[in-house]
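In what follows, a single structure is set out as structure tokens and then discussed.
No value in this document is a laboratory result; all are computed from the given coordinates. These numbers were taken from a predicted model, which means no experiment stands behind them. Don't worry about glycine lacking a Cβ; one is built from the backbone with ideal geometry, like all the others, and counts go over all protein chains shown.
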Amino acid sequence: MRARTLPLSRQSSGGGKPIARKALAMAAVVSLGAGLLAGCADDGGDDSDSSSGGGEGKTTITLGLFGTMGFKEAGLYDEYEKLNPDINIEENVVERNENYYPALLNHLTTNSGLQDIQAVEVGNIAEVVATQSAKLEDLSKAPGVNKADWLEWKWQQATTKDGQTIGLGTDIGPMAICYRKDLFEKAGLPTDREEVGKLWAGDWAKLVEVGERYKKKAPKGTTFMDSPGGLLNAILSSEEKRFYDEDGKVIYKTNPVVKDAFDLAAKAAEDGLVGAQTQFQPAWDQTIANNKFAAISCPPWMLGYIKGKSQPDAAGKWDVAVPPKAGNWGGSFLTVPKSGKNVEEAKKLAAWLTAPKQQTKLFEVQGSFPSAQAAYSSQAVTAAKNDMTGDAPIGRIFAEAAQQIPVQIIGPKDQIIGQGLGDNGVILVAKGKSPEEAWETATKTIDNNLDK
């Protein structure tokens, strides 16, 4: 069969990936089709009777989302309505997660104004699990739900300590390293993806060492990687324990993994191996358009972002290699509030939308990488390719990466911590501050925000 080329569409969010910025930035970007981010209830949407708005005698199920999750675009609503003629589906979309999530949290806290189904971004799922699970249905018992269909770590992210699973995973963001073959060649580095992956296998420090090699013969005006924050994010995304411990205690300042990651990213910044830009800002976009860096931490949706910001002649010049360690950047969940007007029908729809077959269709149309491991053997995944990476078997590469991602401890304020370490921390080193000054600034900013 002819391989599929994934489309460019969608706005996404960022997460921890450091889940922190993902929710903010990804929602503002067009991705590979990364439907990676979707999210919450309308900021005070219509509270009219949702049971009577879809035509005579029909039940209307409402979804609160953020960004472009892709269900509508992939034709899944139409398909479900044909299978269930008595059902009408309406979605209420807020463009950005930072506008969506506070409203969702308020609706959950007051247990009012909620849609039948609410999406939750991965950077917020820990807080929802810890503080709002009593307001949400246990979807592990929903019709058609089979825990084995999902990656274990994805399932666990939405599961409470007493075993209730309040969210069904939609998509994920398995990490890779995307690189420019032409720039690698000019710098005297190998270009074959297998050989490139071997250069840094098992150790992020080796990736920085490759950057030192690149710098020696780097094409004029280019850096090895795009940004210090992107590198830091990738490193931390591959760690099981980062900002919180198992008991929910904030440990980011005392966890050696976090400080080591910060120091490594700071070293790369000091040595000029990364650009002095903050990801998803206009100046960073220009570095993509002008071919100013050779490599970038890269979940599937990043390819779409790269395509959207690149000149046409960049198509086919990129490739994808495995990262030093597997990690995740992005993803969402569907939840069903107990106070919804159509709880039982909402559970059926949430289960259907997140089933492997439907996740596969989303991947084909939107590029949202499935969290349902049962989808990984499908032709749509195994034969997937992308305009920017030519013949690279990106579906296989990302599927293998997805199955190696560790089960991470996600805390309620991961976004604040991750964003602080990047946007108020390592970026300062790239602009002339010392690593010590950058760490102090970052930790003060984070602690101030955590106290609010």
Between Lys259 and Asn448, Cβ-based FRET efficiency (R0 22 Å, step 0.05) works out to 0.70
Amide H proximity to Ile172 below 5 Å, modelled H, separation 5+ or other chain, gives Phe369, Ser371
Low-density loop trypsin sites (Lys or Arg not before Pro), the stretch 211-261, at most 11 other Cβ within 10 Å, DSSP non-H/G/I/E/B, are Lys217, Lys220, Lys249
The answer for chymotrypsin sites (Phe, Trp or Tyr not before Pro) in the stretch 114-164 that fall in a DSSP coil and have at most 10 neighbouring Cβ atoms within 10 Å is none
Per the C-alpha gyration tensor (a ≥ b ≥ c, the square roots of its eigenvalues), the stretch 319-452 is rounded if a/c is under 1.5, else prolate if a/b beats b/c, else oblate; here it's oblate
Checked the stretch 195-325 with the C-alpha gyration tensor, a ≥ b ≥ c its square-rooted eigenvalues, rounded below a/c of 1.5, otherwise prolate if a/b is larger than b/c and oblate if not; verdict prolate
Mean separation of Cα contacts under 8 Å (at least 6 apart) over the residue count of the chain, i.e. the relative contact order in percent, is 26 percent
With the 8 Å Cα cutoff and a minimum separation of six or more residues, the stretch 222-335 has a relative contact order in percent of 37 percent
Checked the stretch 240-313 with the C-alpha gyration tensor, a ≥ b ≥ c its square-rooted eigenvalues, rounded below a/c of 1.5, otherwise prolate if a/b is larger than b/c and oblate if not; verdict prolate
For the stretch 177-296, the dipole about the Cα centre with charges only on Cβ (Lys and Arg +1, Asp and Glu -1), to the nearest 20 debye, works out at 480 debye
Listed by chain and number, the residues whose amide H is under 5 Å from that of Ile251, excluding neighbours fewer than 5 places away on the same chain and using placed H, are Tyr244, Asp245
Long-range amide H partners of Ile89, meaning residues 5 or more apart or on another chain whose placed amide H is closer than 5 Å, are Ile61
Over 29 Å (Cα to Cα) among Lys135/Lys385; Lys267/Lys292; Lys161/Lys253 -> Lys135/Lys385
Pairs over 23 Å Cα to Cα, from Lys186/Lys325; Lys206/Lys259; Lys181/Lys309; Lys216/Lys317, come to Lys186/Lys325
Rounded to the nearest 5, the percent of DSSP beta bridges in the chain running antiparallel is 60 percent
Residue-normalised 222 nm signal for the chain, counting each DSSP H run of n ≥ 4 as -39,500 (n - 2.57), nearest 500 deg cm²/dmol, is -11500 deg cm²/dmol
